[in-house]
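Engineer: First the structure, then my questions, so here it is.
The values are calculated or read from the model by the stated rules, or taken from the named source; none is laboratory data. Since the model is a prediction, treat every value here as computed from it, not as a measurement. In this analysis, Cβ positions are derived from the backbone assuming ideal geometry, glycine residues included, and neighbour counts consider all displayed protein chains.
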Amino acid sequence: MRASIQSMQGLSMIEVLVTTLLLALGLLGTSALQVTGLKGTDAAHYRTVATLLSQEVAERIRMNPDGVSAGNYATDPDNPVSCSGNLASFPDCTAEVCDASQLAEFDKFQMTCGYLYGSDTDIRLRTGGVKNELPNGSLSISCGALVCGENIDHTITVSWRERADIVGQEVEDSSVVLTITP
C-alpha cells in the first residue's frame, strides 16, 4: 500500500508541471493575440485619420472654385509643402482677406502642417494636419490633366508609414486616395 501512495505523489507532481506548461503556452498565445489586436487598432486609427483629412482637403477645394480654376491646389511631388522655414510667408486667411491663390496655398499649408494653437509659429505648437497626425505623413494633390482646373478630377493622396513591430523589420507605406471633381 505504501508503494502506491508514493507513486501517486510523483504522478501529481508531473501533472502539475504539465498543467503549468499548458497554462504558460496559453498565456503566451493570448499575449500574441493582444499585440496583433493593438497593431490592427493602430492601423485602423491611422486610416480613419487619413480619410478624415482627405475629406477636409476635398471640402476646402470645393469651397474655393476660383483657386481650382487657376490650378492652385496641385502640389509638386518634387517640392512638397514644407512645414519648416519662414512660416510668415504664408498668409493667415483666418485673420485677413486672401485671394483665391493665397487661400489655396494657406489650405495646403494648414492641411499639411496643422493649425497654430499658440502665439508662436513653431511647428511644435501646431495640432492637426497630416504631419502631426500621421507617422511620416504626406499630402499630395494632383489631377489627370496637364493643368488642373474646374471639372477635372483631382486626386488627393494622404500617405503615412506604418510602424514596425520589431526593430529592423521592414515598414509599409499606406495611403488613402480620394478622387473628386470640383
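Engineer: Show the residue pairs that are 6+ apart or on different chains and have beta-carbon atoms under 8 Å apart, the first residue being within the range 69-82 and closer than 16 Å to Gly144 by Cβ, the second being assigned to a loop (DSSP other than H, G, I, E, B) and among the β-branched types (Val, Ile, Thr).
Structural biologist: Hits for this filter: Gly71/Val147; Thr75/Val81.
Engineer: Within the range 143-182, which residues are closer than 14 Å to Pro77 by Cβ and at pLDDT below 90?
Structural biologist: Cys143, Cys148, listed by residue number.
Engineer: So, one more: Please enumerate the residues belonging to the range 56-68 that are exposed (fewer than 15 other Cβ atoms within 10 Å of the Cβ) and touching a residue at least 60 places away in the same chain (Cβ under 8 Å).
Structural biologist: Across the range 56-68, the qualifying residues are Arg62, Pro65.
Engineer: Another question, then. So Ala24 ticks every box in (1) modelled with pLDDT under 95; (2) farther than 30 Å from Tyr115 by Cβ but one. Which box is left unticked?
Structural biologist: (1)
Engineer: Check the range 107-129 and report whether any residue there is in contact with a helix residue (DSSP H, G or I) (Cβ under 9 Å, 6 or more places away or on another chain), in a loop (DSSP other than H, G, I, E, B) and modelled with pLDDT of 90 or more.
Structural biologist: Within the range 107-129 (the criterion being in contact with a helix residue (DSSP H, G or I) (Cβ under 9 Å, 6 or more places away or on another chain), in a loop (DSSP other than H, G, I, E, B) and modelled with pLDDT of 90 or more), the answer is no, since none of the residues qualifies.
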